[in-house]
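Where a number appears in this text, it was derived from the coordinates with a stated rule and is not lab data. Note that this is a predicted model, so its numbers are computed, not measured. Using ideal geometry, Cβ is built from the backbone for each residue, glycine included, and neighbour counts are taken over all protein chains shown.
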Amino acid sequence: MVPGSGKQHLLSLTVTNMKFVSIIALLTAPFAASATRISWNSGYDSATEPLTAVACSDGSNGMIGKGYNLFGDLPTFPNIGGSSAVASWNSPNCGPSRVIEFDSVPAPVAHRIIGTCWNVTYQSETIVVTVIDHADEGYNLSEEAMNALTCVNFMSSFSLGSFVDAGCSNGQAELLGVVDGTGVQIPNSYCGLK
């Protein structure tokens with residue numbers, strides 16, 4: 001307010017609005033999607049591949065300690081792969097469950113996330129992916145997951161612990177190779193993880 005005028009300075013309104021926008025940005029940042037590169041590697045397609053071959057294998061943040069030993073043991077298999085969010089072996093983004101808190105106020109259960117569960121989206125398709133490895137940039141998925149992501153008529157649902165494929169006869173992994181999409185961390189329950 002300008003003293004004695006009853007009018008508010010434009011600057012004070014802007015600062016107030018900026019504070020509000022900053023608070024909203026801080027609250028939504030952990031769940032915000034960002035544009036990124038999505039590629040594929042058929043090495044993630046083998047259900048019998050041991051998790052010892054990836055960054056999120058053992059260690060305090062590893063998947064083996066949670067009872068998963070093979071790629072096929074993961075509930076979202078074949079929707080698995082690597083992410084640049086996993087810096088190296090035993091990265092905190094491999095797990096375990098952690099709680100995001102704002103201003104030291106405990107977050108509700110909905111905000112309990114594990115670093116390995118992500119929604120990955122390309123155009124209008126979104127798949128749930130368990131990230132188990134490092135990728136230099138964005139996401140590097142199994143070929144089957146990339147085909148699901150780039151399929152025009154793919155539909156999936158998580159029901160009674162299994163993913164149901166409604167049929168994809170036109171996955172585009174080989175044709176497209178790399179696409180630009182988005183990824184956002186989601187609660188570990190969406191990946192069916194222990």
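Using mean Cβ contacts within 10 Å as the protection proxy, how do 60-67, 80-87 order, highest first? Don't skip to the answer; put the middle values down first.
On the way: 60-67: 17.4, 80-87: 22.6.
Taking the mean over residues of other Cβ atoms within 10 Å, the ranking is 80-87, 60-67.
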Pairwise FRET efficiency - residue 170 versus residue 47, Cβ, R0 = 25 Å, nearest 0.05: 0.60
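Sort 54, 179, 184 so that the residue with the fewest other Cβ atoms within 10 Å of its own Cβ comes first and the one with the most comes last. Before the final figure, lay out the partial values.
Values: 54 23, 179 19, 184 14.
Going from least to most buried by this count: 184, 179, 54.
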Proximal charge balance of residue 87 [Cβ under 15 Å; K/R count +1, D/E count -1]: -3
What is the set of long-range amide H partners of residue 49 at a cut-off below 5 Å, with H atoms built 1.01 Å from backbone N? 71, 72
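So how much slack lies between residue 35 and residue 89, counting 0.36 nm per residue of separation and subtracting their Cα-Cα distance, in nm? Display every interim value, and only then the final one.
Details: separation 54, 0.36 × 54 = 19.44 nm, distance 2.47 nm.
Here the segment from residue 35 to residue 89 would lengthen by 17.0 nm.
Cut-off is 10 Å between beta-carbons; in what order do 176, 141 appear when sorted fewest neighbours first? List each step's numbers first, then the result.
Values: 176 16, 141 29.
Neighbour counts put them in this order, fewest first: 176, 141.
Net charge within 15 Å of residue 174 by Cβ-Cβ distance, Lys/Arg positive one each and Asp/Glu negative one each, not counting residue 174 itself? Don't jump to the answer; show the numbers that get you there.
Values: positive: none; negative: 45, 143, 144.
My count for the surroundings of residue 174 gives -3.
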